[in-house]
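The values are calculated or read from the model by the stated rules, or taken from the named source; none is laboratory data. The shown structure was predicted, so the numbers you read here are calculated from the model rather than taken from an experiment. Glycine also receives a Cβ, built like all others from the backbone with ideal geometry; neighbour counts cover every protein chain displayed.
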Amino acid sequence: MIRVTAVIESPECLLCRTHIEDMDHLLATCSVRWAIRVSALSIYYPDLSFVPSDILTAIQLAPTPSSILDQKRFYTILSTIQWCIWKAYWNFVFDQQPVRPPAILKTVTTNVSVLLSLALDNGD
Ligand SMILES: [Zn+2]
C-alpha cells in the first residue's frame, strides 16, 4: 500500500493565492475556479449570467435560479464542472500538473455530452 502525505503549509488558496481556502472559496468564489466555471456554464447557458451565490445555493440543493428551467440538466452540467475543476485542482496539488482552463473545458464538454445523451436515451 502506498501512502501519500501532503503537507499544506498555508490555508491560502494554491490557485489564486489571494484568499484563505474556506468552503465557499473552494466551491464557488475562487477567481481561478470561477473563471473556468463561468466559461463552462456559458457554453450551456449563453444567455444567462451567474454569481457565486447561485452556485453555492445550487450545491446546497436549494432552489436553482428561476431562469433555469431544466433542473436535472443544470445539475448534470454543474456537477460535471465541479468534478472537472476538483480533479484538475488535485492533479495540480499532488502531481504539479498545471491548471489549464481550455483542457478542463474540453473535459467538461466531453463528459456533459455523454451524460446528457445517456439521459436522453433513458427518456429523461
Ligand atoms: Zn482561490
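Cβ-Cβ contacts under 8 Å between residues 6 or more apart (or on different chains), taken from a first residue in segment 40-53 that is farther than 21 Å from Asn111 by Cα to a second residue that is basic (Lys, Arg) and in a helix (DSSP H, G or I), are listed as Phe50/Arg37.
Would you be able to tell me the number of residues in segment 51-68 that are exposed (fewer than 15 other Cβ atoms within 10 Å of the Cβ), at pLDDT below 90 and among the aliphatic types (A, V, I, L, M)?
Keep residues of segment 51-68 that are exposed (fewer than 15 other Cβ atoms within 10 Å of the Cβ), which gives 51, 53, 60-63, 66-67.
Adding the requirement that they be at pLDDT below 90 leaves 60-63, 66-67.
Pick out the ones that are also among the aliphatic types (A, V, I, L, M) and you get 61-62.
Total satisfying the criteria: 2.
Only helices (runs of 4 or more DSSP H) whose full extent lies in segment 1-110 are considered here, and the ones with at least 2 residues that are within 16 Å of the ligand (Cβ to nearest atom) and within 30 Å of Asp121 (Cβ to Cβ) are 31-44, 71-95.
Residues of segment 10-23 being surrounded by 15 or more Cβ atoms within 10 Å (Cβ to Cβ) and either more than 15 Å from Ile85 (Cα to Cα) or without any contact (Cβ under 8 Å) to a residue 40 or more places away in the chain (or both), which ones? Matches in segment 10-23: Cys13, Cys16, His19, Glu21. Looking only at segment 69-124, residues that are more than 26 Å from Cys16 (Cα to Cα) and among the basic types (Lys, Arg) come to 2 in all.
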